[in-house]
Amino acid sequence: MSWNDRQVQMLRAMGLRLWLPSPEPSPEPSPEPALAPSSHPEPEPGPDAPGRGEALAPALAARGRPVPPTRPTTAPVAAPTVLQPAAAADAGALDWTALRQAVAGCRACGLCESRTQTVFGTGHLQAHWLIVGEAPGAEEDKRGEPFVGASGQLLDTMLQTLGLSRDADGDPAKRAYIANTLKCRPPSNRNPLPAELQQCAPFLQRQIELLQPRIILAMGRYAAQALLRTDAPLGQLRGQVHRMGGRPVVVTYHPSYLLRSPGEKAKAWADLCLAASTLEALPP
Ligand code: SF4
């Protein structure tokens with residue numbers, strides 16, 4: 001992989017010193033943080049939820065039917081924990097349009113009570129790259145699109161450095177589809193709960209089946225752990241190529257974390273280079 005002037009400018013825009021990234025992926029043997037810091041769009045108070053690994057259990061448990069995307073007209077006394085079932089388990093048969101509708105009407109977990117709207121995903125429907133984030137933040141919840149605001153700008157810069165964009169048309173090889181593991185914003189941007197991740201997993205799974213990406217880039221701890229069905233810390237998951245149904249998965253930091261910890265951008269760039277070189281090595 002070689003870099004043109006525009007890509008060099010992009011690297012500078014990421015805040016990288018140009019001698020740090022190398023087009024040849026050079027795995028970093030050990031100096032990873034013991035536990036990856038939060039990669040949620042905003043600071044995450046409190047420790048990890050206990051039993052987080054349970055969220056990675058098979059997510060296709062049977063559920064009921066969808067309900068229309070209406071919000072209660074009567075003011076709830078308290079946030080209910082038992083809600084009308086959703087169509088997540090039925091997602092495996094849906095096309096893009098029906099899947100989007102099912103997500104919009106989903107009430108499978110309590111996040112439906114506090115969301116402004118669901119955040120389905122955006123990008124080219126045949127993109128070779130799939131970028132998976134964690135959960136919508138406040139701005140995403142407001143706009144209904146993943147990775148907006150400052151973290152979205154940084155992600156776009158990272159993608160542009162690789163010659164990629166989230167445009168919905170154009171060459172699929174130069175396009176990325178962007179989605180989150182959770183389609184609804186956790187209140188106050190708290191960490192996702194295991195049950196929420198499990199309830200929502202079939203939607204992302206169906207997005208992957210429909211998109212058939214050539215490579216997946218998991219950004220942030222919860223995205224990586226949910227996709228790879230592990231509770232290993234992000235620092236252990238970076239720097240290697242994982243497989244999900246034979247498809248390569250590379251793990252890196254969430255852009256919001258990179259905004260808080262710009263010193264880690266070089267590692268993120270190494271991850272992007274690993275993903276790019278992995279994709280280049282795949283057979284046509
Ligand atoms: S987070 Fe997922 S499972 Fe929960 S209500 Fe939203 S779409 Fe449904």
Residue 212 and residue 104 label points (each 7 Å along its Cα→Cβ direction) are spaced in nm at 2.7 nm
Carbon plus sulfur, as percent of the 1.4 Å-probe accessible area of region 195-244, comes to 39 percent
For region 221-284, the Kirkwood Rh over every pair of distinct alpha carbons, in Å, works out to 12.4 Å
Largest-first ranking of 116, 230 by accessible area, probe 1.4 Å, whole protein assembly kept, is 116, 230
Contour minus Cα-Cα span, residue 280 to residue 232, at 0.36 nm per residue, comes to 14.5 nm
For region 140-284, whose charge dipole is built from +1 on Lys and Arg Cβ atoms and -1 on Asp and Glu Cβ atoms, the candidate among 279, 261, 152 with its Cα farthest towards the positive end is 261
So the pair-distance distribution of region 148-281, from every Cα-Cα distance in 5 Å bins, comes to percents of 2, 9, 19, 24, 24, 16, 6, 1, 0
A chain fully extended from residue 116 to residue 167 at 0.36 nm per residue, minus the present Cα-Cα distance, gains in nm 15.9 nm
In whole µm²/s, the translational diffusion coefficient that Stokes-Einstein assigns to region 188-250, given a Kirkwood hydrodynamic radius over C-alpha pairs, 4 °C and 1.567 mPa s, equals 104 µm²/s
Normalised per residue, the volume inside the convex hull of the alpha-carbon atoms of region 93-203 in Å³ amounts to 100 Å³
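The values are calculated or read from the model by the stated rules, or taken from the named source; none is laboratory data. Computed from a prediction, not measured in an experiment: that's the story for all the values here. Cβ atoms come from the backbone with ideal geometry, glycine included; neighbour counts cover every protein chain shown. Accessible surface areas use protein heavy atoms only, side chains included; no ligands, DNA or RNA. Shrake-Rupley method; radii C 1.70, N 1.55, O 1.52, S 1.80 Å.
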